[in-house]
Amino acid sequence: MKKNTFRQFINIVLTLTLLFNTPIYSAELDANNSSSGAPTVEAESAILMDAKTGEILFEKNSTLRQYPASITKLMTALLAIENLKPSDMITFSEEAIYGIEPNSSHIGMRVGEQITVDQALHGLLLMSANEVANGIAEKVSGSIENFAVAMTRKAESLGAKGTHFANPHGLHDDNHYTTALDMALIMRALYNNEYFLEIMGNFTYEIPPTNKVNEKRYLAQQHKLLTPFGDSTLYRQDVIGGKTGYTDQARHTLVTAARQGDIDLIVVILKSSSKQGMYEDTSKLLDYGFNNYEIFDLLTQDEVISTLPIYSIKSGKLIEFAKCDIIASSNESVLINKNIKLRDLVTNISLPEYLEMGVSPGDVVGSIEYIYNNKVLARSDLKVADFEYASSPYTANQPTKPLITFPLSSFLILLGILVSICVILIIIIKRKHKKRFKHKKLKFSKTLK
């Protein structure tokens, strides 16, 4: 079988297998087509992203440069979680306390006051405390300026190329900007962190008395989708994390992560005209994502995709000495719109026609891709499973000596003949023996006379 014909055959078999063994999905997202059911968003920029894969399910001006306001603090929290221990102590400097705008959000920290990183992160994420953001920045990088550089570098490493941070809190600076896409990427790096989710799970929190303050500080979650206190009509049990923001220049900003079953979604809203509007936009996008998308399991790790022969060379000829299954090296799932039909997916399998001696179990020998609209939805390496060895080609075809067999009747006749011969011989021997004995007896009698 020629190589191209072999690949076409595998593609056809795999496609038919998927068609008869998996459910059919049916509707493609088209954010510009109202008939697709995509929601109308009031905010100037927005995005809905599959948190697991980074796939964009909806976007509106998602790469347009905007001011983030306090959703900046998600990056501040990410660097703190990566670089500090929850039990580390932060001592607040004069610059940290007085380096923020008067009347901006804070929790009343004092110069020289000490709290733990864990307490600081609660103040940062629940109450959006700006002086706490400065304190964390100084603890991580030694200065607010150095921390801002680290924030931008971290954003770039996450693929957030349209972002530049000038401070750790998000108070307005013309050189402090981001995009909806970039903020979704930043949230994607944080949303599944257990410690972050633990903090987000607190509706309220208390900071006990410190070295400078004798009273407890009471904190409460400000993200209305995350707390049943306040406006209970906005609260959603599927929301697991997020951050609010507002400045006059940025207007209302909001980042939200939500989970239903195996589906994790991220929504970013930038430059909304009202607080109510940003929550409504977010809920509409979350509902759209959960109602119109499903997890589709494309591959299971160690699933057999094909079987290939393994050849060695003997006397200049290819000899098949074994064969092996070719298996997927990973589990591959994709969040796909229910309206997309399976026949719209293209399956590309890249494999050689055969393998040569020297290959080992576990070796990667090819790949499989699932493509929709010229975009790869999922990909997995294909690797060699255990060998099944063939019989030796030098002994398998050698003629064997035929076994001599006799019918039972012939055997009995032969046996009868042998028995008869034996009987006759015995009779003859006995007669000869009697004659000798008689002769000897008579001779002995004559001697007696």
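The values are calculated or read from the model by the stated rules, or taken from the named source; none is laboratory data. Computed from a predicted model, the values in this text were never measured in an experiment. Cβ coordinates were reconstructed from backbone atoms using ideal geometry, including for glycine residues, and neighbour counts include every protein chain displayed. Just the protein is used for accessible areas: all its heavy atoms, side chains included, with ligands, DNA and RNA removed. Shrake-Rupley method; radii C 1.70, N 1.55, O 1.52, S 1.80 Å.
Observations, loosely collected:
- Single residue of the range 269-278 satisfying the filter (outside any helix (DSSP H, G or I) and open to solvent by less than 10 Å² (accessible area, probe 1.4 Å)) that is farthest from ALA184 (Cα to Cα): SER272
- Exclusive hit being assigned to a loop (DSSP other than H, G, I, E, B), in contact (Cβ under 8 Å) with a residue 12 or more places away in the chain and over 14 Å from LEU382 (Cα atoms), set ILE340, ILE319: ILE340
- Checking ASP281, ASP264, ASP287 one by one, the residue that is open to solvent by 40 Å² or more (accessible area, probe 1.4 Å), modelled with pLDDT of 95 or more and over 26 Å from ILE107 (Cα atoms) is ASP287 and no other.
- Per-region count, the range 298-332, residues at pLDDT 85 or above, open to solvent by 50 Å² or more (accessible area, probe 1.4 Å) and out of contact with any Lys or Arg (no Cβ under 7 Å at 6 or more places or on another chain): 10
- Number of the condition not met by TYR191 [criteria: (1) over 22 Å from ILE107 (Cα atoms); (2) aromatic (Phe, Trp, Tyr); (3) touching a Pro at 6+ places or on another chain (Cβ under 9 Å)]: (3)
- Test: residue in the range 52-74 that is touching a helix residue (DSSP H, G or I) at 6+ places or on another chain (Cβ under 7 Å), under 19 Å from ARG217 (Cβ atoms) and of a type in the set (Val, Ile, Thr): no
- Residue list for the range 116-162, filter: touching an Asp or Glu at 6+ places or on another chain (Cβ under 6 Å), open to solvent by less than 10 Å² (accessible area, probe 1.4 Å) and either touching a residue at least 40 places away in the same chain (Cβ under 8 Å) or not small (Gly, Ala, Ser) (or both): VAL117
- Only a single criterion out of (1) part of a strand (DSSP E or B); (2) within 30 Å of MET183 (Cα to Cα); (3) within 18 Å of the chain's Cα centre (by Cα); (4) not basic (Lys, Arg) is not satisfied by ILE327, namely (2).
- Elements of type strands (runs of 3 or more DSSP E) contained in the range 195-268, each with 2 or more residues being touching a Lys or Arg at 6+ places or on another chain (Cβ under 9 Å) and of a type in the set (S, T, N, Q): 251-260
- Boolean, GLU59 is under 30 Å from TYR191 (Cα atoms), modelled with pLDDT of 55 or more and acidic (Asp, Glu): yes
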